[in-house]
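This report refers to the structure that appears directly beneath it.
Rule-based calculations on the coordinates, nothing more; no lab input. Computed from a predicted model, the values in this text were never measured in an experiment. All Cβ positions, even for glycine, are placed from backbone atoms using ideal geometry, and neighbour counts span all protein chains on display.
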Amino acid sequence: MAAAVSSCVHCGFCLPACPTYKVLGEEMDSPRGRIVLMKEVLEGGLPLTDAAQHLDRCLGCLACETACPSGVRYRDLIEPMREDLVAHRPAAARLHLKTLLRVMASPALFRAAAALGTGAKMLAPALPASVGAMLGLLPPQLPAPDVAPAFTAARGRRRGRVALMTGCVQSVLRPSVANDAIRVLTAQGVEVVVPPGQGCCGALARHAGDHDYGTALAAAHAASFPADVDAVIATAAGCGSSMKDTHTSGAPVLDVCEYLDRLGLMTPLALPAPLRAAYQDACHLAHAQQITAAPRRLLGAIDGLTLAPIADSGLCCGSAGLYNVEQPALAAALGRRKADAVAASGAAMVVSANIGCLTQLGVALAAAGHAVQTAHVVELLAMALPGRRGPQ
Ligand code: SF4
Ligand code: SF4
């Protein structure tokens, strides 16, 4: 933490990149301001409780790292500080967070809770803001369970073998992502294994400041994956970013876009009707993993697809793990900005590579009255495979 603090030269280049600074315009809600706050807390000159509201408002999006010319590793500051922030919360708030993380880490528990929540959506306005925000993120109806097969053979000449993560929340809210990833990978000659009972990778808990629980989940997750594969494939940017730190032995962890781009597409991809779509960078793909070109190259290979640029595509949409539950007002403001930027691009669909972003974008677009569909990159690639029907 001391190294990260001392490498900041206070130039302020990161300020325009910071979503909370953009919305609030306060130095203490900018990366530079937060680094000063954390320095003072670390040196004992400022009680953590005095800095807490500004640090809690940080999305952890890491846009400041991308913007920083001095290479400040902001994540080395905010991640350990988040643990201290959580430890200083009242007991009831800590219990609430622990419960939420444990429910979300278990697809069976999360499905049961989400099913109850969808039935209670109309009560959202009468409930506390964070509970209302949580219900607001649920779809009117949950998709039917669609368990990914344990093994799917490559089509044609075998070019690779990978193990696929299916995710915890993603497997409930959008099971089509894993199944479309399998369709796309196997069409490119890659055989896919899906380790059973893989559970949660721990990314959400690590991001939310429950490091011990996140680390325990990550260890169990990593142990459930085989080593005799070319890569472990992540289909959610937040998970992939965390798994790159925690899956330390065996095959390398790669985002599905990163893997497909390196492999090279061999199947012609075409949509049955022209489509204008916008690509929204997931922060944990663009800023945490520095992957921005690969998804655009993959989408650029689809015949019939026009990629519409959106203003500030690297600016967080307000999802950021549990942020849209813990900071609902700021998350909604960021969601509104993003929804308006997508609508202004004239796109009929917005594409991203993270379940949290897709959920937040869908809610924000609907709230703003914009009729724009959402899709994961692999969902759109799957729509363009030979024999598929295109966007529904
Ligand atoms: S851009 Fe980097 S060095 Fe400059 S204020 Fe921001 S974090 Fe510090
Ligand atoms: S992580 Fe994101 S929200 Fe936090 S200081 Fe950096 S740019 Fe701002």
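If you check A3 against the conditions, is it surrounded by 15 or more Cβ atoms within 10 Å (Cβ to Cβ), more than 10 Å from ligand 2 (Cβ to nearest atom) and in a helix (DSSP H, G or I)?
When the stated conditions are applied, A3 does not pass them.
Scanning the range 7-25 for residues that are out of contact with any helix residue (DSSP H, G or I) (no Cβ under 7 Å at 6 or more places or on another chain) and either closer than 19 Å to G318 by Cα or within 10 Å of ligand 2 (Cβ to nearest atom) (or both) yields a count of 4. Of everything in the range 182-208 that's small (G, A, S) and more than 16 Å from the chain's Cα centre (by Cα), which residue is farthest from V147 (Cα to Cα)? The qualifying residue farthest from V147 (Cα to Cα) is G189. Tell me whether the range 220-240 contains one or more residues that are under 29 Å from R102 (Cβ atoms), without any contact (Cβ under 8 Å) to a residue 60 or more places away in the chain and among the β-branched types (V, I, T). No - not one qualifying residue is present in the range 220-240. Only residues that are under 15 Å from L334 (Cα atoms) and either in contact with a strand residue (DSSP E or B) (Cβ under 8 Å, 6 or more places away or on another chain) or not aliphatic (A, V, I, L, M) (or both) were counted across the range 41-65, and they come to 4.
Of all residues in the range 63-78, none satisfies being aromatic (F, W, Y) and more than 9 Å from ligand 1 (Cβ to nearest atom). A residue that is under 25 Å from C283 (Cβ atoms), in contact with a helix residue (DSSP H, G or I) (Cβ under 6 Å, 6 or more places away or on another chain) and part of a loop (DSSP other than H, G, I, E, B) occurs nowhere in the range 100-117. Filtering the range 6-25 to residues that are within 13 Å of ligand 1 (Cβ to nearest atom), in contact (Cβ under 8 Å) with a residue 24 or more places away in the chain and part of a helix (DSSP H, G or I) leaves S7, P16, A17.
Please work out which residue is nearest to L307 (Cα to Cα), limiting yourself to the range 341-365 and to residues that are assigned to a loop (DSSP other than H, G, I, E, B) and among the hydrophobic types (A, V, I, L, M, F, W, C).
Taking the candidates together, the pick is A347.
Of all the residues in the range 26-53, those that are crowded, with 17+ Cβ neighbours inside 10 Å, more than 21 Å from G314 (Cβ to Cβ) and either within 12 Å of ligand 2 (Cβ to nearest atom) or without any contact (Cβ under 8 Å) to a residue 40 or more places away in the chain (or both) number 7. Close Cβ contacts (under 6 Å, 6 or more residues apart or on different chains) running from residues in the range 348-368 that are more than 17 Å from L330 (Cα to Cα) to residues that are among the aromatic types (F, W, Y) comprise V351/Y279.
When you go through M38, M28 one by one, which is the residue that is part of a helix (DSSP H, G or I) and closer than 23 Å to G335 by Cα?
Answer to the check: M28.
Residues checked against (1) polar (S, T, N, Q); (2) in a loop (DSSP other than H, G, I, E, B):
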residue: L123; (1), (2): no, no
residue: S130; (1), (2): yes, no
residue: L135; (1), (2): no, no
residue: Q141; (1), (2): yes, yes
residue: A144; (1), (2): no, yes
residue: V147; (1), (2): no, yes
residue: R157; (1), (2): no, yes
residue: A163; (1), (2): no, no
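Out of A67, A63, which single residue is surrounded by fewer than 21 Cβ atoms within 10 Å (Cβ to Cβ) and among the aliphatic types (A, V, I, L, M)? Just a single option satisfies the conditions, and that option is A67. Contact annotation: residue pairs with Cβ atoms under 9 Å, 6 or more positions apart or on different chains, pairing a residue in the range 166-185 that is within 19 Å of P139 (Cα to Cα) with a partner that is assigned to a helix (DSSP H, G or I) and basic (K, R), are S171/R111; V172/R111.
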